[in-house]
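J.: First the structure, then my questions, so here it is.
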Amino acid sequence: MRPPTVSPPLSRRAWLKATSLGAAALAHPGLLKAASETDRFWALLREGGGIVLMRHALTVPGVGDPPDFRLGDCSTQRNLSEAGREQARRVGRAFSDAGILINDVRSSAWCRCTETADLAFGQHRVWTPINSFFAREGREQQTREVLQALRNHRAPDNLVLVTHQVNVAALTGQSPAMGELFLTRLVGTERLAVLARLSV
């Protein structure tokens, strides 16, 4: 009896071509990169001890806040758009689907941040060191205060900070899109290293 013919193993490229996901990834290489980045985000977060920086979700058009801005009055601020509210809810669903428990959610006092936190995670507590310093003084002092406080953060707890672009950039050297999340780790005492990013 003739032994069965054994086909040689498929190359990675041939395997990709043979699957619908792979075909899409070959046609659009960014899809595969985005998928692996998302997988890395969840895998690292499941290990515990994560520090997640989230820029508030999409807002109505504008930069900064109106001239009559008052911190305790949401009607004077630039707030979330309906698209932003849905984006925040998608973040919450993504964490729920991934089975990730968040132990502590801290937010800037700005309404677009507290609303993002509540819609995504169902909780928040205002932490003034992550208040916006856009067009204000306090960048260096607030950034040092955040980094100093994070020295005590340990696994297995995961922490989310919902804040602003300027704050995230000062802490990491990278700028997030609205609603984007950075999973970070404290490196020394001077900065947070971005390990993975998530956009939903």
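Just so it is clear, none of the values below were taken in a lab; they were calculated from the coordinates. Quick caveat: nothing in here was measured; it's all calculated off a predicted structure. When we count neighbours, we look across all protein chains shown, and the Cβ atoms used for this are built from the backbone with ideal geometry, even at glycine.
J.: Using 0.36 nm per residue, how much length does the chain from SER175 to LEU101 gain when fully extended, once their Cα-Cα distance is taken away? Could the numbers behind the result be given before it?
T.: Values: separation 74, 0.36 × 74 = 26.64 nm, distance 2.55 nm.
Result for the pair: 24.1 nm of gain on full extension.
J.: Please give the Cα centre distance for segment 50-75 versus segment 166-194, rounded to the nearest Å.
T.: 18 Å
J.: Modelled label-to-label distance, ASP39 and ALA193, 7 Å Cα→beta-carbon offset: nm?
T.: Each label point lies 7 Å from its Cα, and together they span 2.2 nm.
J.: When a footprinting reagent is the concern and you count Cβ atoms within 10 Å, what order do SER199, SER108, SER36 take, fewest first? Write out the running numbers ahead of the final one.
T.: On the way: SER199 17, SER108 25, SER36 12.
In order of increasing Cβ crowding within 10 Å: SER36, SER199, SER108.
J.: If amide H atoms are built 1.01 Å from N in the plane of the peptide, which residues on other chains or at least 5 residues away come under 5 Å of the amide H of ASP104?
T.: Placed amide hydrogens put ASN158, VAL160 under 5 Å from ASP104.
J.: Applying the Karplus parametrisation 6.51 cos²θ - 1.76 cosθ + 1.60 with θ = phi - 60° to the phi angles of segment 113-122, what ³J(HN,Hα) value in whole Hz is obtained for each residue in order, glycine and proline being reported as x?
T.: 7, 5, 5, 4, 4, 5, 6, 7, 10, x
J.: Rounded to the nearest 0.05, what FRET efficiency is calculated for ASP73 and ARG125 with R0 set to 25 Å and r the Cβ-Cβ distance? Don't skip to the answer; put the middle values down first.
T.: Values: r = 20 Å, r/R0 = 0.80.
After rounding, the FRET efficiency stands at 0.80.
J.: Name the residues whose placed amide hydrogens come within less than 5 Å of the amide hydrogen of ALA196, ignoring near sequence neighbours (fewer than 5 apart) on the same chain.
T.: Sorted by chain and number, the residues that satisfy this are LEU183.
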